[in-house]
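Written below as structure tokens is the structure these notes are about.
The values are calculated or read from the model by the stated rules, or taken from the named source; none is laboratory data. Remember, it's a predicted structure, so these values are computed and weren't measured experimentally. Note that we place each Cβ from the backbone using ideal geometry, even for glycine, and neighbour counts take in every protein chain shown. Areas reflect the complete protein model, heavy atoms only, side chains present, ligands, DNA and RNA absent. Shrake-Rupley method; radii C 1.70, N 1.55, O 1.52, S 1.80 Å.
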Amino acid sequence: MEEMDAAVTSEVDRGKAAVQQAVTMGSLETLISERNRYIGKAARLRTLQRQLGQLTPDERRRLGGIIQQGLAQLTQAFEQGEQTLERAALEARLLAETVDVTLPVTQHPMGARHPISVLIEQMCDVFIAMGWQVAEGPEAEAEWLNFDALNFSSDHPARFMSDTLFIDPASEHRIMRTHTSPVQMRTLLTNDLPVYVVAPGKVYRADEYDATHLPVFHQLEGLAVDKGLSLADLKGTLDHLAKSMFGAEIVTRLRPHFFPFTEPSAEIDLLCFVCHGQSAEDPSHPCRTCHSEGWIEWGGCGVVNPRVLQAAGVDSSQYSGFAFGMGIDRTVMFRNNASNLRDFVEGDIRFSRELQGVAR
Ligand code: DAH
């Protein structure tokens, strides 16, 4: 009998030692297999329990109690061991995943959108809101679309090398477009009527780069062709654009001009919003914004020349239209008081940020 008592005690002691060891090793896996060994179905204490039937009732009760107690102690020891190991694992993970917020970081400066891109979007939005579409055309353009189709005579000065950048070989008659107007022709050739489109984009001229000239600049072209359109529709559309760009108080005027692809043609001027035209009358108060002209030239426009419609196969006895084209860079200059065109191309982010700050 004492033998069995001793066996129970030593089994319980060994079980507790096994828990200790597994905890020291930090191994949950070991703990689980040891638990199986000491209190699982095939555990020694369970075998002893099964042998109790051979004993006298008194002995059975006494030894049964001791075994029960031993199993209870071991169950508790394994549970505690498991909790200890789980806590340690969690702590280790938290430690491993700690983020040191005091570490220095590499800062990547934020960029800024170029004022031209922002303005192109704003101008197009004015037209999208009226149901117009936005069109695009290539910057390397057929000479025919840039000039001939727009009724430029073959000896028109704009065609000279001094004004226009020709692409080699000259025999292919390709140029860098000098205005966005060829998109008018492309639109008429590919779209069904009526047509209401604006086309923003880059244009090229053989100009020297300085504070007031860029060899590459931007224009916004507009074209509407429908039945019954007139100069009044043109004026209303441009006034709406001007108000959207410069505020409700802006005053515009159409000044007669000549363009081969519109008839009649005009230039649209803005009443100088700095001196309100005063500087033109009063030489003692010169104005830098309008160079004391009183008015600022904004763009060209007119009623589409029937010859242009005919070149695109449009029946000019049924349809009429109006067109306009203005400098986007110039618009940014007036709106934001940016007087040096060099700032537009030098890519200094401070320029973009500053203009964004004052954009209407
Ligand atoms: N393409 C002209 C230029 O670059 C501007 C222009 C004038 C566009 C009259 C038009 C227009 O659509 O109708 O100077």
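Figures for the structure shown
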quantity	calculated
Options Thr237, Thr180, Thr187; residue that is in a loop (DSSP other than H, G, I, E, B) and within 14 Å of the ligand (Cβ to nearest atom)	Thr180
Filtered residue count, the range 136-169, keeping only those that are in a loop (DSSP other than H, G, I, E, B), open to solvent by less than 20 Å² (accessible area, probe 1.4 Å) and among the aliphatic types (A, V, I, L, M)	0
Qualifying residues in the range 152-165 (those that are free of Cβ contacts under 8 Å to residues at least 12 places away in the same chain and away from the ligand (no atom under 16 Å from the Cβ)) - the one nearest to Gln133 (Cα to Cα)	Ser154
All positions within the range 326-340 that are outside any helix (DSSP H, G or I) and either open to solvent by 60 Å² or more (accessible area, probe 1.4 Å) or within 12 Å of Pro115 (Cβ to Cβ) (or both)	Asn337, Ala338, Ser339
Identity of the residue in the range 287-298, assigned to a strand (DSSP E or B) and free of Cβ contacts under 8 Å to residues at least 40 places away in the same chain, that ends up farthest from the ligand (Cβ to nearest atom)	Ile296
Lone qualifier among Arg255, Arg288 - being open to solvent by 50 Å² or more (accessible area, probe 1.4 Å), more than 23 Å from Phe322 (Cβ to Cβ) and among the basic types (Lys, Arg)	Arg288
Those residues of the range 299-322 which are surrounded by fewer than 19 Cβ atoms within 10 Å (Cβ to Cβ) and assigned to a helix (DSSP H, G or I), in sequence order	Pro306, Arg307, Gln310
Which listed residue, of Leu63, Leu95, Leu52, Leu71, is open to solvent by 50 Å² or more (accessible area, probe 1.4 Å), outside any loop (DSSP other than H, G, I, E, B), of a type in the set (A, V, I, L, M) and modelled with pLDDT under 95	Leu95
Filtered residue count, the range 196-228, keeping only those that are more than 30 Å from Ile167 (Cα to Cα) and within 13 Å of the ligand (Cβ to nearest atom)	2
